[in-house]
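*Asks:* Below is one structure. I have some questions about it.
The values are calculated or read from the model by the stated rules, or taken from the named source; none is laboratory data. All values reported here derive from a predicted model rather than from experimental measurement. All Cβ positions, glycine included, derive from the backbone under ideal geometry; neighbour counts span all protein chains shown. The accessibility values were calculated without ligands, DNA or RNA, using every heavy atom of the protein model including side chains. Shrake-Rupley method; radii C 1.70, N 1.55, O 1.52, S 1.80 Å.
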Amino acid sequence: MATKVHMEALSPTMEEGRLVKWTKQEGEAVKTGDTLAEVETDKAVMELVARADGQLIKVLVPEGSTVPVGNVVAYIGAPGEKVPEAGAVAPAAPTPSAVSPQPLVAPTPAAPAPTAVTTDAARVKASPLAKRIAKDTGVDLARLQGSGPGGRVIKRDLEGSSPAAPSAPVVVRSGAAYEDVPLTQIRKTIAKRLAASIGPIPHFFLTTEVDMERAAEARSALEVKVSFNDIVIKAVALALTKHRACNAWFQEDHIRYWNEVHIGMAVAVEDGLITPVIRDADRKTLVQIGAESRELAERARNRRLKPEQYTGASFSVSNLGMFDIDQFTAVINPPEAGIIAVGSIVPKPVAEGDKVVVRRRLRLTMSCDHRVIDGATGAQFLKTLKQMLENPLAMLL
């Protein structure tokens, strides 16, 4: 009897997956453990593997389709073995390309149908960011091999690409008034989790300003490269060991106070945000944190994180300082009870005795779940964190 190949839950929060690519074709022999397909989950691109030996006798779901977890996507069996018709499975309709020759339009009675985009660039599958960069730099997207889901051209594919050779002027034709881009799996998950956070969770925010002169001097003295974000992560981890009330999860009928410190590190990726986890960050040296954070960030951007690398954080850090953001408030990632938002390090005039001097300053804003953390509790944690960052030598071991 033929073995069903189901869309498996490849991440703890996965509800559906988009079948990016079949790595085995109908008629090919397969063994248990062989990769059958690449699937885009809510967090990464994962491998769907065979659970039986035999031949891939029927593929039910085409590439690009979004399928709920549990649905049958293919069959493995003996050559010529009969299997149910594809229509009996009824997979979800294929997800349209992010850039399509005919833009999708939500029908409304009074709205005129948009005119199809007829330029060559519109026919290339590319992310909106890649399309904008290509337009600004003069790179021809049609010349690039996309490395994103379904062969989609993404930002990293344009790195090092040279502009197209000059050619005859292009006549700009009238196009659609707008373009509807389908949600990716990661963007769907972000939307759900934000709705489950900012609404139900009673947030409050605490901000402090830190003198980063000593931290900057200590960082410059290190032979091994570490970032200011690595220093903040290490300081947050150590501060949490002294303020267990902030290293906690809110559960339905109890609060879980962690004895271990696992720091979630927010990383911007092509289609949204993901938070890989540095486990036992309080026990790791600054150099170890620096190396691990770079590796996790790279895996996150390539959509190659494993579930154990992005789940289980007890507290999180989000940094927008590299984008010249002085201060912001971050949304708590439930069930965690807090998150630190890190701004940019800015030279500012400050009073030092009876003199005014210029010092490098950093603003930190803590978002707190008031069901777990009270105002004074959060303020005490921030005070400890500030002291550690302003006297960082103990963290450099």
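*Asks:* So in segment 285-295, with the set limited to residues that are open to solvent by less than 50 Å² (accessible area, probe 1.4 Å) and farther than 22 Å from R156 by Cα, which one is farthest from the chain's Cα centre (by Cα)?
*Replies:* Only one residue fits best here, namely T285.
*Asks:* How do the strands (runs of 3 or more DSSP E) wholly within segment 286-397 filter down when requiring 2 or more residues that are among the polar types (S, T, N, Q), under 29 Å from Y257 (Cα atoms) and in contact with a strand residue (DSSP E or B) (Cβ under 9 Å, 6 or more places away or on another chain): which remain?
*Replies:* In segment 286-397, the matching strands (runs of 3 or more DSSP E) lie at 315-319, 355-369.
*Asks:* Would it be correct to say that K225 is surrounded by 14 or more Cβ atoms within 10 Å (Cβ to Cβ) and within 22 Å of S344 (Cα to Cα)?
*Replies:* The answer is no for K225.
*Asks:* Within segment 344-369, can you find the residues that are surrounded by fewer than 22 Cβ atoms within 10 Å (Cβ to Cβ) and under 26 Å from the mean Cα position of the chain (by Cα)?
*Replies:* S344, I345, R363, T365
*Asks:* Follow-up question, since we're still on this one. Return only the number of the condition from (1) touching a residue at least 24 places away in the same chain (Cβ under 8 Å); (2) under 23 Å from A300 (Cα atoms); (3) surrounded by 14 or more Cβ atoms within 10 Å (Cβ to Cβ) that V49 does not satisfy.
*Replies:* (1)
*Asks:* Same structure, new question: Could you run through segment 370-397 and say how many residues are out of contact with any helix residue (DSSP H, G or I) (no Cβ under 6 Å at 6 or more places or on another chain), under 17 Å from N229 (Cα atoms) and buried (at least 18 other Cβ atoms within 10 Å of the Cβ)?
*Replies:* 2
*Asks:* Let me ask you something else. Please verify whether segment 212-219 includes one or more residues that are open to solvent by less than 50 Å² (accessible area, probe 1.4 Å) and either out of contact with any strand residue (DSSP E or B) (no Cβ under 6 Å at 6 or more places or on another chain) or among the β-branched types (V, I, T) (or both).
*Replies:* yes
*Asks:* From the list E260, E298, E308, which residue is charged (D, E, K, R), surrounded by fewer than 16 Cβ atoms within 10 Å (Cβ to Cβ) and in contact with a Ser or Thr (Cβ under 8 Å, 6 or more places away or on another chain)?
*Replies:* E260
*Asks:* Now for a different question. Considering only segment 5-30, how many residues are open to solvent by 20 Å² or more (accessible area, probe 1.4 Å) and assigned to a loop (DSSP other than H, G, I, E, B)?
*Replies:* Selection size over segment 5-30: 12.
*Asks:* Let me ask something else. A330 fails exactly one of the following numbered conditions: (1) under 24 Å from E223 (Cα atoms); (2) open to solvent by less than 30 Å² (accessible area, probe 1.4 Å). What is the number of that condition?
*Replies:* Unmet condition: (1).
*Asks:* Out of segment 311-327, which residues are among the polar types (S, T, N, Q), open to solvent by 40 Å² or more (accessible area, probe 1.4 Å) and under 16 Å from F228 (Cβ atoms)?
*Replies:* Q327
*Asks:* Oh, and also: Check D42 against each of (1) open to solvent by less than 40 Å² (accessible area, probe 1.4 Å); (2) under 20 Å from G77 (Cβ atoms); (3) not in a strand (DSSP E or B) and name the one condition it does not meet.
*Replies:* Unmet for D42, out of (1) open to solvent by less than 40 Å² (accessible area, probe 1.4 Å); (2) under 20 Å from G77 (Cβ atoms); (3) not in a strand (DSSP E or B): (2).
Okay, residues lined up against (1) within 14 Å of A266 (Cα to Cα); (2) of a type in the set (A, V, I, L, M):
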| position | (1), (2) |
| --- | --- |
| T311 | yes, no |
| Q327 | no, no |
| V342 | yes, yes |
| V358 | no, yes |
| C368 | no, no |
| D374 | no, no |
| F381 | no, no |
| L389 | no, yes |
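*Asks:* Kindly establish whether D282 is open to solvent by less than 40 Å² (accessible area, probe 1.4 Å), touching a Ser or Thr at 6+ places or on another chain (Cβ under 6 Å) and of a type outside the set (S, T, Y).
*Replies:* Taking the combined requirement at face value, the residue satisfies it.
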